[in-house]
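Undergrad: Dumping the structure here so I can ask a few things about it.
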Amino acid sequence: MKKYIKKLIRLINYEREAEIDLMTHEISTMSGQKREDLGRAINKVKGKRLGKELGMEIVQYGRSDVIDTEISVGDMVLISTDNPLRSDLTGTVTEKGARFIKVAFDKRIPKWALKKKVRIDLYANDITFRRMEDNLKHLSLKGKNALEYMLTDRNPKKDRKTPYINYIDNNLNKSQKIAIEHSLACENFFLIHGPFGTGKTRTLVELISQETRQNHKVLATAESNAAIDNILERLMENKKLNLTRLGHPQRVSKNNITYSLAYKVEKHELNKRIKKIHKKIERLIEKRKSYTKPTPQFRRGYGDYDILYNASKGKGGRGISPDKMKSMAQWIEYNQEIDEMHSNIKRIENKMIRNIIEESDVILATNSSAALESIAQTKFDVAIVDEASQATIPSILIPIAKAHRFILAGDHKQLPPTIISDKAGELEKTLFEALIRKYPHKSQLLNVQYRMNKLLMKFPNSEFYNNSLKSDVSVDEINIQDLIDSNYGEDALLFMDTSNIEKNKEEHLKDSKSIVNKLEAEIAVNVAHDYLTAGINEEDIGIISPYADQVKIIQEKTPVEVKTVDGFQGREKEIIIISTVRSNPDGNIGFLNDLRRLNVAITRAKRKLIIIGNKYTLQNNPTYKRLIDFVESENLIIKI
């Protein structure tokens, strides 16, 4: 156990170094403009202070040119005017528009950060790594137990008798109910396997509500802010639940801000006392200004006690006059009073936080935020973790270590955690995947999907899920004709084969390791444009490509959303167009060999999926060959 924990610490430090190195290398070797072209910096913006919000200083940065950036709400950014690597001013993005971006700071804003030519860089966040490492170094017994299930033959206890369940959501299917029953009855852990569109979040929301009915205190977490906000929004419908969302208030969805700990603290009745104390402190600071601050040049070696003693005796010393000594003593007395008031504020704040946490039925947080001091002493009956197949073991151990039992929900057939460091590749192996392989009887597959037309489900179902899934009747026959007036039928799936086109080739852009295929980009844009012309809303169309440079060149030519596969994980659109990019005579498909990416890409569409690719290049991989055989057998392939 000790050796394994040391190894995990070593791996997260490799990953931490890789993230920081990537960022610092880019900043030191690339111009600000190049970083902006990549979407990771914004140059020549002017700052304007907007005031305070939930205890944070808000600054709006703007310019007349449009800001096109990958920097998103919730990201940590580095603010500078010259060399970014010489700055230590970091903040969190709270809002972004076409020509502005708002940033929240937890400290005073220096004047230079409000100048005309400020630069904003996407920044590597070290806090998450520090939290993971600290948790591993002080891992609780429950955290160690979780690792033992994976590493040893420690058998999990048998389930308790399933309690009677009066379901709140009466539309749950049989597999969802079985998952909830086993989760409630488990003594140590249970796994909910939720493939695409199978109502995983809906199941977790019911489970959380049922746990609270048993007077259990619940810690609900996910790897991303978006996923935990999604659960919170669904739980909000149950008005009986007292919910508190932890984490940086600027990373919490605006709809959910009233549930955040920061908001609740600000609105707490004890906060009136704090405001009164702050006013007293301001008055004392004004009074203190009338007296001599005991800086080293005035102290001449005297400590606070010596100054107070000499002043009480009316004495000077070491060239300090009695009046100067008295003036310094009065400054110290005011300062001590101010310090005592600050300590009092801290005590009241801690009491407010304790009250809020104790009164909450459910605490919601990202895995990382579950390490916050505010719940360090809180004992949870159960930790329920969404996106468990996307969380590294050091990350998921943070919430697990805090609870008597844990429930993990995810899909190990979809994307694993994203790891940058070559040395830290082992972090891709998740606790969810290890446990579901070792204890299949401790898991339940959600087997009804509510997202897509049954034809779209056919191939991923057979390739990745052993034909265990079925589509609900409500989506079986949905198609694109439901959204546009059309006199001709249109199949839900189409493969556009580019192998006959002479100029169809993959290439590298200058100074980039990524790959583009300009012909495929053109086809994808034209297909999207055809659907827009036919009356489909632009927000209902998505274009996916595994390669970042391909995404970039398509984005420049269309208003529809274009992202990498990772960017569409957990998302859905009415129409999805996939540009596979690879086209070469050697059958080299590189990055596409990660078949979990294929699974994610082809399961985002609800009514129409169009795959653009060179079938002769792709079919060198057995899974892609089966995909091509499938579309050919169903007569869903066209040569262009």
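The values are calculated or read from the model by the stated rules, or taken from the named source; none is laboratory data. Just so it is clear, the model here is predicted, and its values are computed rather than measured. When we count neighbours, we look across all protein chains shown, and the Cβ atoms used for this are built from the backbone with ideal geometry, even at glycine. Quick note on the areas: whole protein, heavy atoms, side chains included, nothing else; ligands and nucleic acids left out. Shrake-Rupley method; radii C 1.70, N 1.55, O 1.52, S 1.80 Å.
Undergrad: What is the angle, in °, between the Cα long axis of helix 225-235 and the longest principal axis of the Cα atoms in the chain? Nearest 10 is fine, range 0 to 90.
TA: 90 degrees
Undergrad: Please report the base-10 log of the normalised intensity I(q)/I(0) for the stretch 208-361, using a Debye sum with one equal scatterer per alpha carbon and no solvent, at each q in 0.11, 0.13, 0.14 (1/Å).
TA: -0.63, -0.72, -0.77
Undergrad: Also, I was wondering about something else. Given a 1.4 Å probe, how much area per residue of the stretch 275-420 is accessible, in Å²?
TA: That works out to 50 Å² per residue.
Undergrad: Next up: Using only the Cα atoms, what convex hull volume per residue in Å³ does the stretch 152-257 have?
TA: Roughly 143 Å³ of hull volume per residue.
Undergrad: On to the next question. I'd like to know how the stretch 76-171 sits against the 2.2 N^0.38 Å rule of thumb: what's its Cα Rg over that expected value?
TA: Normalised Rg, Cα atoms only: 1.91.
Undergrad: To test your reading of the geometry: what angle, between 0 and 90 degrees and rounded to tens, separates the Cα axis of helix 127-137 from the longest principal axis of the chain?
TA: Here the helix axis deviates by roughly 90 degrees.
Undergrad: ³J(HN,Hα) across the stretch 281-287 via Karplus (A = 6.51, B = -1.76, C = 1.60, θ = phi - 60°), whole Hz, x for Gly/Pro?
TA: My calculation for the stretch 281-287 gives 4, 4, 5, 5, 4, 4, 5 Hz in order.
Undergrad: Spin-label point model (7 Å from Cα, Cβ direction): what's the Lys117 to Leu532 distance in nm?
TA: For Lys117 paired with Leu532, the spin-label model returns 3.6 nm.
Undergrad: Another question, if that's okay. In degrees between 0 and 90, to the nearest 10, how far off the longest principal axis of the chain does helix 174-185 point, with axes built from Cα atoms?
TA: For helix 174-185, the angle is close to 40 degrees.
Undergrad: A 21 angstrom limit on the alpha carbon distance is what I want to check against. Which of Lys177/Lys470; Lys438/Lys625; Lys279/Lys324; Lys239/Lys346; Lys217/Lys264; Lys240/Lys264 exceed it? Working shown, then result.
TA: Numbers: Lys177/Lys470 16 Å; Lys438/Lys625 30 Å; Lys279/Lys324 28 Å; Lys239/Lys346 31 Å; Lys217/Lys264 19 Å; Lys240/Lys264 17 Å.
Checking Cα-Cα distances, Lys438/Lys625; Lys279/Lys324; Lys239/Lys346 exceed 21 Å.
Undergrad: As an exercise, identify the trypsin sites (Lys or Arg not before Pro) in the stretch 512-572 lying in DSSP coil whose Cβ has no more than 13 other Cβ atoms within 10 Å.
TA: Lys513
Undergrad: Kirkwood hydrodynamic radius, computed over distinct alpha-carbon pairs, for the stretch 1-149: how many Å, to one decimal?
TA: 17.0 Å is the Kirkwood radius here.
Undergrad: Continuing with the same structure: With Kirkwood radius over Cα pairs in Å as the read-out, I listed (1) 27.9; (2) 29.5; (3) 24.5; which label goes with the value calculated from this structure?
TA: (1)
Undergrad: Going by amide H atoms built from the backbone, whose H comes under 5 Å of the H on Arg40, apart from near neighbours?
TA: Glu70
Undergrad: Let me ask something else. For the stretch 368-426, what is the largest minus smallest coordinate of the Cα atoms on each principal axis, given in angstrom and ordered from greatest to least?
TA: Answer, in whole Å and largest first: 37, 22, 14 Å.
Undergrad: A further question on this structure: Based on the mean of other Cβ atoms within 10 Å per residue, sort peptides 308-316, 252-260, 227-235 so the most packed one is first.
TA: Descending packing order for the listed peptides: 227-235, 252-260, 308-316.
Undergrad: Output wanted: per-residue J couplings in Hz (rounded whole) for the stretch 633-640, from phi through Karplus 6.51 cos²θ - 1.76 cosθ + 1.60, θ = phi - 60°, x for Gly and Pro.
TA: 5, 8, 6, 10, 10, 10, 8, 10
Undergrad: Near the amide H of Leu50, under 5 Å away, which other amide H atoms are found, from residues 5 or more places off or on another chain, if H is placed in the peptide plane?
TA: Residues meeting the criterion, in which the H sits 1.01 Å from N, are Ile58, Val59, Gln60.
Undergrad: A follow-up question, please. Quick one: which residues, 5+ away or cross-chain, put their amide H under 5 Å from the amide H of Arg405? H built at 1.01 Å from N.
TA: Counting only residues 5 or more places away or on other chains, the set is Val382, Ala383.
Undergrad: Continuing with this model, one more query. Cα centroid distance between the stretch 131-170 and the stretch 59-87, in Å?
TA: The two parts, judged by their Cα centres, are 41 Å apart.
Undergrad: Once phi is turned into θ = phi - 60°, what whole-Hz ³J(HN,Hα) does the Karplus curve with 6.51, -1.76 and 1.60 give for every residue of the stretch 515-532, x standing for Gly and Pro?
TA: Listing the rounded values in order: 10, 10, 9, 5, 5, 4, 4, 4, 4, 4, 5, 5, 4, 4, 4, 4, 5, 4 Hz.
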